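Have a look at the structure below, then the notes.
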Amino acid sequence: MKLIKLEFSGFKSFYDKTVIDFHTNINAIVGPNGCGKSNVIDAIKWVMGEQNPRNLRAMTMEEIISNGGETLKPLGMAEVSIVISANGAGYEEINVKRRLFRSGQSEYYINNVPCRLKDITELFVDTGVGARAYSIISQGKVESIITSKPEGKREVIEEVAGIGKYKLRRKETQSRIESTTNNLTIVKESQSEILHQIKSLKKQADDAEKYKKIAQEIEQIEKKVLIRKKKELDEIKNFTKTKSLNTKDSISEKSKINSELENSRKNTVENIGKVDREIENLRNEYFEDTKKLQSTENNIELNHREENILIDTLSTINTDKNNSIKEIENIEKITFQKQSELKLLISSVAEKENELLAKQNLTDTYKHNLTNKKQEYNEYREGLLRSLDEYGSVKTKVVGIEKDVNELESRIYRLKKEKTQIRNKMSLNTADLRLNENALRNVVVGKISLGDKLRKLENELTRLKNTKYNLETDLRDCREQFNQAKSHLTAIEKIQTNYEWLPSELSKFILEHKGREVLGLLADYISVSEIYDKAVEAALGEKLKWAVINNLKEAFPLINSLKNQKAGKGTFVPLDIYHKKSAEGDEKLSLVPLINVIETDPVISGLATNLLDKIYIADSLDSISNIEQRLEQGYSFVTLDGDYIDSSGFICGGLSSDGVFERKREIDQLLAKSDGLKKYIDNSQLELSALEIRLDNSNSSKIKLDAQLRDLDIKEAEIRKDLINLKDINDGNRENYRSVVFEIESFKAEKGGKVLSLADLSKYINELELKKIRFETGFKNLDKELRELEDKDTEIGLFVNQSKVDIAALKEKINGLEQESNYYLLRKNDLSLKVIIQRSDFEKTNYSKASIVKELLKLGEDKELINRKINEDNEIVSNFSAKRKQIEQELKVYDDQISVITRELEDLKKSSAQFDLELNSVDIEIKHLTANRDIEDTEYSSEQLDFNTIEMENKLDSLKNRLQRFGPVNLLAPEEYLKLEDRNKFLTEQVEDLENAMDSLRKAINKLDKESKMRFKETYDLVSDKFKELFPQIFRGGEGKLELTDPDDLLNTGVEVYVRPKGKKFQSINLLSGGEKALAAITLILSACFVKPAPFLLLDEIDAPLDDSNTKSFLEVVKEISKQSQVLLITHNKNTMHDVNYLIGITSQEPGTSKVVSVELH
């Protein structure tokens, strides 16, 4: 596992995207103070999972996000990724990435796949590297390693031994033991409570089973009696139902036809939708093609501009090249002439020297005579030579200035070429800037679109949440109403069942004897419609509280019991003295007999007839004609409001409170209300579940949209950053352009100065030539005097001197010609090189032009194809529009047919409703018969229903008496008993499992401790031996050793370091100098690295306290360890820089930002 590459953007001082490649051996990060070197180490620690901002030299984690500078705005995100070699992990390389936004949100990736922070920390566990591993030493932390407590130094040994994972497992196991112990205590307490409950529930369960058997038998008998009564009503119901079914069949047929028409209409609507979607898709394609066409036209325009720029460049290069070739040709002609002159002069010099040599042999005899003249001659000669030297010097200056002028012209040419290139770059950069601006506009449009979708989705979410809240509120209210209704129903049923509306002692007495001597109260056997309940209660009055018994003999013991128990007074009605007789109304009264509006149990039918005989219902007492006569005839009357006049003459009237029948009716209403609320609650629960599914789907869609919006934010930030960079580059290009223009003008001005100097020197040369002529004239005059004064020998001497002067002049001229030839030769070479470069530039530019022409042809073809596709799409859209109109006509036909069928269905439904009303009236009668009785699912044969009613009722009374004797019974006891038995069995198994788990966890801890001790001891011995070995090597002598503070407790013992530098005694670490402490810490760290080589070491200014000698020792060990581990050093030490393989330079171009420059040294 080696560091291959580090890439970060927006992390601390690294504002722009920065990439650092690492060498496999020793890397050094260098740079001035404050440039951001340590931020590289911080970035690596952060991406490997560091969570404490203080370890990253920050107060909060948000401070690692770059705040920019004076000209740079703060960024919204920091991102760091490292690429490491995988070493057989299934990948060649592993890319670990971490992002942090200013909102505090973090993202983690491994190989660009989102992951958790835990996954990243687990990736580096037990590898020797990590956010806080010994292989990473931050700035100023090296000394703290050696001066820390023994427990702190132990951590280094533990990390080398890989004990960290064992400690983590031990901690997790210990936590699980504590959790298991708590669970075991809770389970045992629960089991104890359950065992206590089982004992009491066993007896209750047995009683409940017996009670259920008797109750089921009673229920079966009651059902048989009711079913026989119900059969008569079922025959009437079946006849009406047949008529209703025939009508409903007609409705079904019409509905089927209507449904088919609706389906056809639906299919037609769907076809319209499909056509609309096709048209929409084609319009989207048309929009996309239009965008492509616009992009293609922009590219064509851009390429045309580049083509024109290249044509201008080609023309400029061609003109310069032709000028250079012409100048070369002129130089060649001049050079040829100069060479010819040079050859003639050399030939002349040779001839002159031969003649001079011959004459000099004759002048020796005349030297004495000519001494005086020679002195004068020499003076002239020296003056002439000085003039020639000065002439040659000035001539050389002229040649140098001409060379400078040519060099300036060459520089001006190169700067003009650079100026053209910068202008081309500016054009291309401007095009890139426009493309990025267009991309930014597209991203902003995309963000707006996503924002609209997100807002709509949020509105939908809000609506769904409000609906859910309202539904939950309604559901809560309904549950409260349901509970209230249940509670109220229980209370009323208790009042009704336990006869709490009677005096307490009497009700208790009736309940005790009910099912035996007492069959029930008279009110129990009478049912009446709501409209007549007050009339019946007024007519019967206290009679409703009469206790019904079988015969007269049973009344006497009951009365005696009442007296003995002091339970008050009671009225007992024996059934055997009342016989059923038909209730016949008096036709003259035209009133309804009260007996006709009530329903009674057959048991008391005779009693009811006798009690209500000759009692009639009137609208009011005033409306009864001949009331006195009717009273005398034995008639009684009652109104619907409860006013009652007895045949004996007494009248009872006024307002009355709710009675027995009102309570019965309230019980029925509460039962109906409870059932309705229960159904509503179930439906609401289903609706709530569906709503929650929709909410989950909407939340998922919102998360996806948020992710897309975040991606667009990142893309927008990147594009904006690219735009800033492009604008910076453009500004730089403009600055370079201005600089080049300034240099061209400067060189032109310098060239003008050189040309003026050249003109001045030319004038000076002319003056020197005149001076030379004057010296030559004087020399000739002197020679003439010598010829006159001397003989032929003097003439020879003069000839010799003249020859020497001529030879010197010729040589000087030859020297001048050689210098001129050399200059022209250099000039020719420069021009030839310039022509070669121009030809190369011409070919490259021409090739670029050809590429652009080719690209223009391709773009033209693309434009033509896009235009053709747009025309085809328009034609298809027209066809689909025509098709949509045709489908709309079909839809109108379906709507007309559906309207006709709907009217027919309404007529049939009215008929069906009429039949349903008739059926409903029959059902109401059946319901009154079967109220609170579950007989729907019970079937009996004719033989089973052929029984003696009186015998069956006697049997029923006997069973009810037995049931009454049970008293209060817990009917849920059997089920609760079985549940507790299962629960007890389950808890017993849980206790066994938990105890086994405790044993396994303790064994696991013992195993982990044993493994930790063994690994620690082995690693400690290895590190200790290596420390002893390295110490004299690094310290150039001395001795160092490690010792355990508690050798008997290898799990908790600390590690102490003892050192003895050369020439000193063993002493405390705190007494060492700063450099010695640093060296001791380095020795400990490197010893650990030799025992367990870390994949890479990150050392921040670890060599800062070391002198040159100690640095050398340190580097020797680092070189040795680099054979096994990759090393990354931050340093200011030149010796360290000299010995590394790779230098990574960090600079700060702008305040607060960092840039990277890398150099490979070896």
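Within the bounds of segment 9-27, is there any residue that is surrounded by 22 or more Cβ atoms within 10 Å (Cβ to Cβ), touching a helix residue (DSSP H, G or I) at 6+ places or on another chain (Cβ under 8 Å) and either at positive phi or part of a helix (DSSP H, G or I) (or both)? Yes, there is a match, as at least one residue in segment 9-27 is surrounded by 22 or more Cβ atoms within 10 Å (Cβ to Cβ), touching a helix residue (DSSP H, G or I) at 6+ places or on another chain (Cβ under 8 Å) and either at positive phi or part of a helix (DSSP H, G or I) (or both).
Look at (1) of a type in the set (Asp, Glu); (2) crowded, with 18+ Cβ neighbours inside 10 Å; (3) closer than 15 Å to LEU314 by Cα and you find that GLU843 fails only one, number (2). On the basis of being among the hydroxyl-bearing types (Ser, Thr, Tyr), at pLDDT 85 or above and buried (at least 16 other Cβ atoms within 10 Å of the Cβ), does TYR109 make the cut? So TYR109 fits the description; yes.
Among the residues of segment 1124-1132, are any surrounded by 18 or more Cβ atoms within 10 Å (Cβ to Cβ) and assigned to a loop (DSSP other than H, G, I, E, B)?
Filtering segment 1124-1132 for residues surrounded by 18 or more Cβ atoms within 10 Å (Cβ to Cβ) gives 1125-1131.
So of that shortlist, the ones also assigned to a loop (DSSP other than H, G, I, E, B) come out as 1125, 1131.
Among the residues of segment 1124-1132, at least one is surrounded by 18 or more Cβ atoms within 10 Å (Cβ to Cβ) and assigned to a loop (DSSP other than H, G, I, E, B), which makes the answer yes.
Taking segment 396-407 as the region of interest, how many residues are under 14 Å from LYS834 (Cβ atoms) and of a type outside the set (Asp, Glu)? Residues meeting the conditions: 1. If you take the residues in segment 165-195 that are under 11 Å from ASN984 (Cα atoms) and of a type outside the set (D, E, K, R), which one is farthest from the chain's Cα centre (by Cα)? Selected residue: LEU195. Whenever a residue of segment 304-329 is without any contact (Cβ under 8 Å) to a residue 12 or more places away in the chain, it has no partner that is acidic (Asp, Glu) and surrounded by 15 or more Cβ atoms within 10 Å (Cβ to Cβ) lying with C-beta atoms less than 6 angstrom away and at least six residues away or across chains.
Farther than 30 Å from LEU56 by Cα and within 43 Å of the chain's Cα centre (by Cα), is that true of ALA1088? Show your work before the answer.
Numbers: farther than 30 Å from LEU56 by Cα: no; within 43 Å of the chain's Cα centre (by Cα): yes.
So ALA1088 fails the test.
Residues considered: GLU480, GLU493, GLU530. Of these, the only one that is outside the structural domain of ILE615 (by TED's automatic domain parsing) and in contact with a helix residue (DSSP H, G or I) (Cβ under 7 Å, 6 or more places away or on another chain) is GLU493.
Identify the single condition in (1) touching a Phe, Trp or Tyr at 6+ places or on another chain (Cβ under 9 Å); (2) crowded, with 19+ Cβ neighbours inside 10 Å; (3) not polar (S, T, N, Q) that PHE1114 does not satisfy, given that it satisfies every other one. PHE1114 satisfies all of (1) touching a Phe, Trp or Tyr at 6+ places or on another chain (Cβ under 9 Å); (2) crowded, with 19+ Cβ neighbours inside 10 Å; (3) not polar (S, T, N, Q) except (1).
Only one entry in MET61, MET48 is in the same structural domain as LYS2 (by TED's automatic domain parsing), surrounded by 15 or more Cβ atoms within 10 Å (Cβ to Cβ) and under 22 Å from PHE22 (Cα atoms), namely MET48. Scanning segment 162-183 for residues that are closer than 18 Å to PHE1016 by Cβ and of a type in the set (D, E, K, R) yields a count of 5. Quickly run through segment 323-334 and pick out the residues that are surrounded by fewer than 18 Cβ atoms within 10 Å (Cβ to Cβ) and under 28 Å from MET426 (Cβ atoms). Once the filter is applied, which keeps residues that are surrounded by fewer than 18 Cβ atoms within 10 Å (Cβ to Cβ) and under 28 Å from MET426 (Cβ atoms), segment 323-334 yields only ASN323.
Taking segment 859-870, which residues are of a type outside the set (Asp, Glu) and either within 42 Å of the chain's Cα centre (by Cα) or farther than 18 Å from SER295 by Cα (or both)? If you could, list the steps in order and put the result at the bottom.
First, pick out the residues of segment 859-870 that are of a type outside the set (Asp, Glu): 859-860, 863, 865-870.
Across segment 859-870, the qualifying residues are LEU859, LYS863, LEU865, ILE866, ASN867, LYS869, ILE870.
Hey, does segment 843-863 have a residue that's basic (Lys, Arg), closer than 27 Å to GLU418 by Cα, assigned to a helix (DSSP H, G or I) and modelled with pLDDT under 75? Checked against the condition, which is being basic (Lys, Arg), closer than 27 Å to GLU418 by Cα, assigned to a helix (DSSP H, G or I) and modelled with pLDDT under 75, segment 843-863 yields no hits at all. Scanning segment 184-206 for residues that are of a type outside the set (Ser, Thr, Tyr), under 21 Å from ASP999 (Cβ atoms) and loosely packed, with under 15 Cβ neighbours inside 10 Å yields ILE186, LYS188.
Going by the conditions given, is ARG386 surrounded by fewer than 17 Cβ atoms within 10 Å (Cβ to Cβ) and at pLDDT 75 or above? Explain how you work it out, then say what you get.
Working: surrounded by fewer than 17 Cβ atoms within 10 Å (Cβ to Cβ): yes; at pLDDT 75 or above: no.
Considered against the rule, which asks whether it is surrounded by fewer than 17 Cβ atoms within 10 Å (Cβ to Cβ) and at pLDDT 75 or above, ARG386 comes out as no.
Within segment 404-461, the set of residues being among the small types (Gly, Ala, Ser), within 22 Å of the chain's Cα centre (by Cα) and buried (at least 16 other Cβ atoms within 10 Å of the Cβ) comprises just one member, GLY446.
Regarding LYS985, is this residue in a helix (DSSP H, G or I), surrounded by 15 or more Cβ atoms within 10 Å (Cβ to Cβ), without any contact (Cβ under 8 Å) to a residue 40 or more places away in the chain and of a type outside the set (S, T, N, Q)? No: the conditions fail for LYS985. Candidates in segment 846-868 are the residues that are crowded, with 16+ Cβ neighbours inside 10 Å and basic (Lys, Arg); of these, the one that is nearest to ARG265 (Cα to Cα) is LYS863. Taken together, SER1113, SER1125, SER1148, SER1073 contain a single residue that is over 30 Å from ALA86 (Cα atoms) and touching a helix residue (DSSP H, G or I) at 6+ places or on another chain (Cβ under 7 Å), which is SER1113. You will find that of LEU929, LEU919, LEU908, the residue that is at pLDDT below 75, more than 30 Å from GLU285 (Cα to Cα) and out of contact with any Leu (no Cβ under 7 Å at 6 or more places or on another chain) is LEU919 and no other.
Taking each residue of segment 423-442 that is on the phi < 0 side of the Ramachandran plot and touching a residue at least 40 places away in the same chain (Cβ under 8 Å) and looking for partners that are surrounded by 16 or more Cβ atoms within 10 Å (Cβ to Cβ) and of a type in the set (Phe, Trp, Tyr) with beta-carbon atoms closer than 9 Å, six or more apart or interchain, yields ARG423/TYR737; MET426/TYR737. Of all the residues in segment 1091-1106, those that are of a type in the set (Val, Ile, Thr) and crowded, with 22+ Cβ neighbours inside 10 Å number 1. Just one of the listed residues (ASN683, ASN697, ASN733) is surrounded by 14 or more Cβ atoms within 10 Å (Cβ to Cβ) and in a helix (DSSP H, G or I), namely ASN733. Taking segment 1023-1116 and the strands (runs of 3 or more DSSP E) fully enclosed by it, the elements with 2 or more residues that are touching a residue at least 40 places away in the same chain (Cβ under 8 Å) and farther than 23 Å from PRO150 by Cβ are at 1096-1100.
The values are calculated or read from the model by the stated rules, or taken from the named source; none is laboratory data. Just so it is clear, the structure is predicted and the values come from calculations on it, not from any experiment. Heads up, the Cβs are rebuilt from the backbone with ideal geometry, glycines too, and the neighbour counts pull from every protein chain shown.
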